[in-house]
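Written below as structure tokens is the structure these notes are about.
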Amino acid sequence: MLDRPLPERTETRTNLPTDADAKKTASARSGVLRPVAQFALMALVLAGGWVVMERMAASKPERSPREFTPLVYTVDTMPAARADNRPDIRLYGQVDAGRNVELRTAVSGDVVEIHPDLVAGRRVAKGTVLLRVDAFAYEGALLEARTNLASVRGAIAEIDARLAAEREQLEAADAQLQLGSADLERALSLAGSGALTDKEVDARRLILSQREQASGQRRSNILIAEAQRTQQEANAERLEWKVREAERKLADTALVAPFDGIISEESVETGRSVNANEALVSIYDDTALDVRFTLTNAQYGRMATDADPLIGREVKVSWSVGGTDYTWPALIDRIGARVTAERGGVEVFARIAEADNPVKLRPGAFVSLVVPDRIWPQTFRLPETALRNSDHVFIVVDGKLLRREVRLIAWDGEDAILDGELEDGDIVLVTRLTEATEGVRVREPSAGSPPTAPSPEAETDSDQ
């Protein structure tokens with residue numbers, strides 16, 4: 001048989017739906033119907049709930065409306081009273097030494113002696129010799145000055161003796177001069193009668209001239225001696241000053257405490273060479289302490305125009321030491337010479353008085369002060385809680401609150417000094433009540449019960 005190629009087999013495919021296509025179609029239909037079913041179920045549930053709620057509401061018994069009962073707040077009050085009020089200002093200040101001196105040596109030399117109490121913080125009495133400078137050179141200067149003075153005084157005594165002798169001789173010369181003058185007059189009388197010759201008369205004239213010359217010499221000697229005495233008296237005065245200077249320098253070799261006080265600083269040791277005018281010791285008087293504080297311009301203006309003067313006003317000083325506050329009385333005695341711009345006010349100084357405290361104040365201590373402010377006549381003093389918005393308070397009239405306008409004048413701790421529409425005897429609300437307004441009903445707590453926070457209460461019982 002001959003081999004022949006077989007004819008190709010062709011397949012004919014028709015587009016018939018398969019199982020996969022059927023599943024896809026069913027899934028699509030299910031995805032569309034499920035949300036519709038869920039929405040229908042939800043609507044059915046809501047409708048059923050609404051029906052049940054309506055039936056329950058319709059079956060609820062009706063209640064009669066409760067009568068409104070206003071609330072009454074239990075509060076604290078106090079009567080208002082006009083009076084002269086003086087608030088206190090609380091300030092801070094610093095203690096200063098009102099009497100402080102820096103001791104300097106007036107002479108130079110080596111320190112040969114120091115007092116054992118010459119230590120910072122020790123108290124020394126007035127007149128205590130704190131240190132001594134070697135006085136050898138100053139003792140010699142004093143001895144020399146006294147010697148020179150004694151020499152001049154001796155010269156003055158010699159001149160006085162010579163003056164006495166010259167005056168005696170002058171008296172004798174004057175007597176001889178008078179005798180010579182009388183003798184010449186007699187000789188001239190006799191010569192006129194021819195009893196004496198001209199030669200004898202001339203001899204008498206010569207004697208009178210010699211006696212006049214002797215008397216004039218004595219007077220010249222007296223004048224010269226008196227001038228010499230005046231010169232020596234001037235030298236004596238100069239040397240007396242030299243003696244006083246030497247005595248003072250000798251006394252200045254001892255550095256003496258000028259008053260009772262506390263040593264604040266010292267910088268000297270035995271054997272040290274010091275110069276004149278060198279500061280060695282500082283001392284302050286612990287019985288003359290001042291407190292320095294600053295008043296604002298407003299505070300100073302109020303006090304300066306008050307009827308009670310600022311100078312002489314009493315203040316109270318407190319120093320906190322070891323957890324305890326100690327107080328001292330003080331008196332304002334002066335005001336600073338100029339306004340302290342860097343501190344924003346006026347410096348005031350008060351002298352601190354003695355107090356029986358176990359601790360002693362020291363300069364530099366930081367203290368608190370209570371300073372009386374000016375007097376505000378015919379004003380009201382109320383607790384801080386009574387003032388609202390700094391411009392009004394509430395008073396109680398017939399159990400209800402009424403508003404009264406006021407003006408805040410000053411604060412005194414937790415109290416306010418006020419003026420305004422208040423009258424004596426007005427009952428003022430002092431409880432911090434948030435619901436406070438005109439017409440709110442209030443009442444005071446019963447007698448004997450402790451004060452409590454404001455609480456609303458009904459006038460009559462009400463249903464819960």
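The values are calculated or read from the model by the stated rules, or taken from the named source; none is laboratory data. Everything quoted here is computed from the prediction, not taken from an experiment. Backbone-built Cβ (ideal geometry, glycine too); neighbour counts: all protein chains shown. These accessible areas exclude ligands, DNA and RNA; they are computed on the full protein's heavy atoms, side chains included. Shrake-Rupley method; radii C 1.70, N 1.55, O 1.52, S 1.80 Å.
Remarks
- Across the range 346-367, the number of residues qualifying as out of contact with any helix residue (DSSP H, G or I) (no Cβ under 6 Å at 6 or more places or on another chain) and open to solvent by less than 40 Å² (accessible area, probe 1.4 Å) comes to 11.
- Qualifying residue in the range 406-429 (condition: loosely packed, with under 15 Cβ neighbours inside 10 Å, without any contact (Cβ under 8 Å) to a residue 40 or more places away in the chain, among the acidic types (Asp, Glu) and not in a loop (DSSP other than H, G, I, E, B)): no
- Criterion violated by Leu188 - all others in (1) of a type in the set (A, V, I, L, M); (2) crowded, with 16+ Cβ neighbours inside 10 Å; (3) in contact with a helix residue (DSSP H, G or I) (Cβ under 7 Å, 6 or more places away or on another chain) satisfied: (2)
- Beta carbons closer than 8 Å, at least 6 apart along the sequence or on distinct chains, pair a first residue in the range 249-272 that is farther than 30 Å from Ala145 by Cα with a second that is outside any loop (DSSP other than H, G, I, E, B) and open to solvent by 60 Å² or more (accessible area, probe 1.4 Å) for Asp260/Arg123; Gly261/Arg123; Ile262/Arg123; Ile263/Arg123; Ser264/Asn100.
- Subset of the range 145-187 (residues that are of a type in the set (Asp, Glu) and touching a residue at least 24 places away in the same chain (Cβ under 8 Å)): Asp160, Glu166, Asp174, Asp183
- For Ile224: the one exception among (1) farther than 30 Å from Thr128 by Cα; (2) surrounded by 15 or more Cβ atoms within 10 Å (Cβ to Cβ): (2)
- Selection count where residues are assigned to a loop (DSSP other than H, G, I, E, B) and at pLDDT below 90, scope the range 337-353: 4
- Test for Tyr284: is it surrounded by 14 or more Cβ atoms within 10 Å (Cβ to Cβ) and touching a Pro at 6+ places or on another chain (Cβ under 7 Å): yes
- Within the range 80-129, considering residues that are among the hydrophobic types (A, V, I, L, M, F, W, C) and out of contact with any Asp or Glu (no Cβ under 8 Å at 6 or more places or on another chain), the one farthest from Thr270 (Cα to Cα): Ala83
- Scope the range 92-130; condition part of a loop (DSSP other than H, G, I, E, B) and under 28 Å from the mean Cα position of the chain (by Cα); matching residues: Gly98, Arg99, Val119, Ala120, Gly121, Arg122, Ala125, Lys126
- Qualifying residue in the range 252-262 (condition: in a helix (DSSP H, G or I) and of a type outside the set (Gly, Ala, Ser)): no
- When Thr12 is tested against (1) at pLDDT 80 or above; (2) hydroxyl-bearing (Ser, Thr, Tyr); (3) surrounded by fewer than 10 Cβ atoms within 10 Å (Cβ to Cβ), only condition (1) is not met.
- Among the conditions (1) within 18 Å of Pro87 (Cβ to Cβ); (2) out of contact with any Phe, Trp or Tyr (no Cβ under 9 Å at 6 or more places or on another chain); (3) assigned to a strand (DSSP E or B); (4) not aromatic (Phe, Trp, Tyr), the only one that Pro329 does not satisfy is (1).
- Residue selection: Glu212 fails the criterion of being without any contact (Cβ under 8 Å) to a residue 60 or more places away in the chain and either buried (at least 17 other Cβ atoms within 10 Å of the Cβ) or within 21 Å of Gly154 (Cα to Cα) (or both).
- Residues in the range 317-334 that are surrounded by fewer than 17 Cβ atoms within 10 Å (Cβ to Cβ) and out of contact with any Lys or Arg (no Cβ under 7 Å at 6 or more places or on another chain): 8 in all.
- Test for Phe366: is it in contact with a Leu (Cβ under 6 Å, 6 or more places away or on another chain) and at pLDDT 90 or above: no
- Verdict on Leu310 being modelled with pLDDT under 90, open to solvent by less than 50 Å² (accessible area, probe 1.4 Å), not aromatic (Phe, Trp, Tyr) and not in a helix (DSSP H, G or I): yes
- Residue count for the range 340-362 satisfying the condition of being over 13 Å from the mean Cα position of the chain (by Cα) and among the hydrophobic types (A, V, I, L, M, F, W, C): 5.
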